[in-house]
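Take a look at the structure set out below.
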Amino acid sequence: MRCNSFCEGVVATARREVQRLLASGEYRAVVWWLPLGVIAFFALFFSQEVVGALPLAVVDEDNSHLSRKLVSMIRATPQTALVEEVPDMATARAMVLEGDVVGVVEIAEGFSKDILSGESAEVVFYDSGANISTNSLSSKGVQTAVTTFGVGVALQRAEIEGAVAEQAMAQVMPIAFTTYGLFNPWLNYAYYVAPCFWVMILLIASVLSTIYAVGTELRYATSVEWLRTANGSLVGALMGKLAPTTLALWLLSLVVGALIFAIFGAPMRGSWAVLVLGAMALIVAYQAVALAVVAITASMRLALSLGGGYSVLAFTFSGVTFPTMAMFSVVQPFTMLFPYTYFMRLYIDQAVRGVEWWRSMEDLAAMLLFCLLPLLLFGRMKKVLTKRKFWGRL
């Protein structure tokens with residue numbers, strides 16, 4: 001009989017929450033429209049997938065056949081396909097300051113003379129240093145073109161001196177160095193960076209929607225009515241309230257998965273089941289964190305501020321942009337305070353690296369541990385919901 005009463009309370013609370021969701025434009029925006037809009041934006045933003053055609057300025061002070069050949073090779077490199085030749089370094093500097101180009105290649109006067117006389121010629125590349133990604137890619141493109149050009153010159157010189165092609169290559173490149181990208185050889189941003197942003201939207205929506213759902217009950221003094229709908233069970237009240245948004249956000253995670261794997265064609269090398277369970281664990285974990293914040297603050301406005309700040313910090317401490325292993329040892333433990341860290345590790349292991357499914361159980365369990373937070377604050381939550389002094393706050 002007690003079980004029937006509990007289940008009826010959960011269903012009644014869920015039905016009440018659906019009605020509140022449909023009736024509130026702000027609520028719908030947090031759960032649906034804002035996440036969908038941001039997901040669509042990043043889908044368009046990363047549709048090019050691979051970074052290329054970075055603009056460069058070239059100052060060819062030699063203006064010879066060999067220097068023009070080098071410029072054409074730089075232009076043929078995918079990363080630096082947009083090359084604009086300028087007359088002097090002053091013009092190139094102005095273009096860098098205005099943000100029209102990401103770097104400058106300077107080919108000094110006497111470039112071809114040095115090569116033909118057997119001396120070392122110099123090519124200088126100046127990058128702005130303002131953006132690590134663009135500077136790294138543009139530098140790699142220029143270096144590839146210059147290295148290829150230099151090898152070609154050395155081969156011709158060796159063949160002129162009488163060496164056969166194989167001997168000439170051995171003299172020019174006595175050690176062959178080859179790099180293989182094991183899991184993302186295409187350097188495709190849609191396979192790695194785009195999912196990071198989409199998952200961030202999911203966790204932010206999880207936190208804000210939960211704080212809004214519970215916070216409005218306090219703000220408008222309807223928390224007692226909410227508990228009464230759940231037949232007086234706080235656990236049933238929380239389960240019924242969070243069920244609609246949990247389902248909506250989990251379905252949204254499937255939309256994100258369709259974008260990543262079906263539309264962008266990212267490889268899925270691991271377990272679908274673990275990844276789907278991980279998405280659900282991430283949503284529930286951040287809902288638990290949001291409940292804890294509401295219980296502690298008893299204020300929707302303060303809870304929204306703290307919850308939003310906590311959500312955004314996850315991107316910084318996850319190791320996605322700056323490697324965790326390179327952080328100061330004092331900072332590294334803070335990475336464990338965010339469920340996002342564990343989910344991104346689970347995603348990379350399953351989707352990108354294709355490790356065995358059981359290796360991701362530790363990350364899955366770590367996310368589920370965050371669900372203990374509301375239990376630790378159970379008494380505080382019940383007090384906040386039932387005491388009149390906590391009602392009506394902004």
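The values are calculated or read from the model by the stated rules, or taken from the named source; none is laboratory data. What you are looking at is a predicted structure, and each value in this text was computed from that prediction instead of being measured. Here the Cβ positions follow ideal geometry from the backbone for every residue, glycine too, while neighbour counts run over all protein chains shown. When the accessible area is computed, the model is the full protein with side chains, heavy atoms only, and any ligands, DNA or RNA have been set aside. Shrake-Rupley method; radii C 1.70, N 1.55, O 1.52, S 1.80 Å.
Given an 8 Å cut-off on Cα distances and at least 6 residues of separation, report the relative contact order of the chain as a percent.
19 percent
Below 26 Å, Cα to Cα, which lysines can residue 69 reach? Residues fewer than 8 away in the same chain don't count.
Excluding near neighbours in sequence, the set is 113, 140.
Output the antiparallel fraction of DSSP beta bridges having both residues in the chain, as a percent to the nearest 5.
35 percent
With each label point set 7 Å from Cα along the Cα-Cβ vector, what nm distance links residue 337 and residue 120?
Rounded to a tenth, the inter-label distance reads 5.0 nm.
Between 0 and 90 degrees, rounded to the nearest ten: what's the tilt of helix 234-257 against the longest Cα principal axis of the chain?
20 degrees
Among bridges DSSP assigns within segment 1-147, what percent are antiparallel (round to 5)?
35 percent
Given labels modelled 7 Å from the Cα in the Cβ direction, how far is it in nm from residue 65 to residue 273?
6.8 nm
On a 0 to 90 degree scale, rounded to 10, what angle separates helix 189-219 from the longest Cα axis of the chain?
20 degrees
May I ask you to list the aspartates and glutamates whose Cα is less than 19 Å away from that of residue 241, ignoring any residue fewer than eight positions away on the same chain?
Here the aspartates and glutamates satisfying the reach criterion relative to residue 241 are 8, 17, 26, 217, 225.
Be a star and scan segment 261-282 for residues whose amide nitrogen sits under 12 Å from the point 7 Å along the Cα-to-Cβ vector of residue 357.
Residues passing the 12 Å test: 270-278.
From largest to smallest, what semi-axes in whole angstrom does segment 9-151 give when each is the square root of 5 times an eigenvalue of its alpha carbon gyration tensor?
The answer is 54, 15, 10 Å, longest axis first.
Students often check this: by mean Cβ neighbours within 10 Å, which of 239-250, 280-291, 19-30 ranks highest, and how do the rest follow?
Peptide ranking by packing, descending: 280-291, 239-250, 19-30.
Could the peptides 203-213, 122-132 be put in order, highest first, of the mean number of other beta-carbon atoms found within 10 Å of their residues?
Going by the mean number of other Cβ atoms within 10 Å, highest first, we get 203-213, 122-132.
Quick one: ranking 6, 41 by accessible area, 1.4 Å probe, largest first, what do you get?
Accessible-area ranking of 6, 41, largest first: 41, 6.
Would you indicate which of (i) 37, 27, 22; (ii) 59, 22, 17; (iii) 36, 24, 20 is the value of semi-axes √(5λ) of the Cα gyration tensor in Å derived from the coordinates of this structure?
(ii)
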